[in-house]
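Beneath this line is the structure, given in structure tokens, with notes to follow.
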Amino acid sequence: MIIGIILAAGSSTRFGKNSIPKQFQLINNKMVIDYSINAFTNINDIQHIIVVVLKEWKKIISKKYPNLKVVQGGKTRRESSYLGLMACPKGTTKVLIHDAARIFLSEEIILDCI
């Protein structure tokens, strides 16, 4: 079973003093995170997608993507990655972890990683 984990729990401190972290900013009327989620959902080989988000965004992302597993992230990228891994179902054989703030993820890159 192949799982995609999208990390979106960062506070975007280097992004500036904006109240909305960059993974939730809009680009062409889509949140930045949407680009990563769409890339993963287009891959038939990926059975489950887990989105790791900031506590205050968990309800919003869960509502927007009811078919995805959304978990609260940690204080660091390492902790958020761990929490995403712990949310993987039994039988997981491969995990792909992607940073939601990186929008230029292609299906080709995902397939190459698999």
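Pulled fully out, how much extra length does the chain show between Met86 and Arg102, if you take 0.36 nm times their separation in residues and subtract their Cα-Cα distance?
Result: 3.5 nm gained on full extension.
For the chain, set up a GNM with springs between Cα atoms under 10 Å and report which of Asp34, Asp45, Asp99 has the largest fluctuation.
Asp45
On average, how much accessible surface per residue is there in the chain, in Å², for a 1.4 Å probe, leaving out ligands, DNA and RNA?
Each residue of the chain exposes 63 Å² on average to a 1.4 Å probe.
Pairs to check: Lys59/Lys94; Lys30/Lys63; Lys55/Lys75; Lys69/Lys90; Lys22/Lys55. Give those whose C-alpha atoms are more than 19 Å from each other in this structure. Could the numbers behind the result be given before it?
Working: Lys59/Lys94 27 Å; Lys30/Lys63 15 Å; Lys55/Lys75 11 Å; Lys69/Lys90 14 Å; Lys22/Lys55 15 Å.
Flagged as over cut-off: Lys59/Lys94.
Build a GNM of the chain with springs between Cα atoms under 10 Å: which of Pro89, Pro21, Pro66 gets the top mean-square fluctuation?
Pro66
Where the accessible area of the chain is counted over protein heavy atoms with a 1.4 Å probe, how much of it, in %, is carbon and sulfur?
Its accessible area is 53 percent carbon and sulfur atoms.
Can you give the relative contact order of the chain as a percent, counting alpha carbon pairs under 8 Å and 6+ residues apart?
40
Taking Lys64 as the anchor, which aspartates and glutamates have their alpha carbon closer than 16 Å to its alpha carbon, excluding any fewer than eight residues away along the same chain?
Asp34, Glu56
On average, how much area does the Cα convex hull of the range 34-114 cover when viewed from any direction, in nm²?
Numbers: hull surface 21.2 nm².
The directionally averaged projection comes out at 5.3 nm².
The values are calculated or read from the model by the stated rules, or taken from the named source; none is laboratory data. For clarity, every value in this text was computed on a predicted model and none was experimentally measured. Keep in mind that these areas ignore ligands, DNA and RNA; they rest on the heavy atoms of the full protein, side chains included. Shrake-Rupley method; radii C 1.70, N 1.55, O 1.52, S 1.80 Å.
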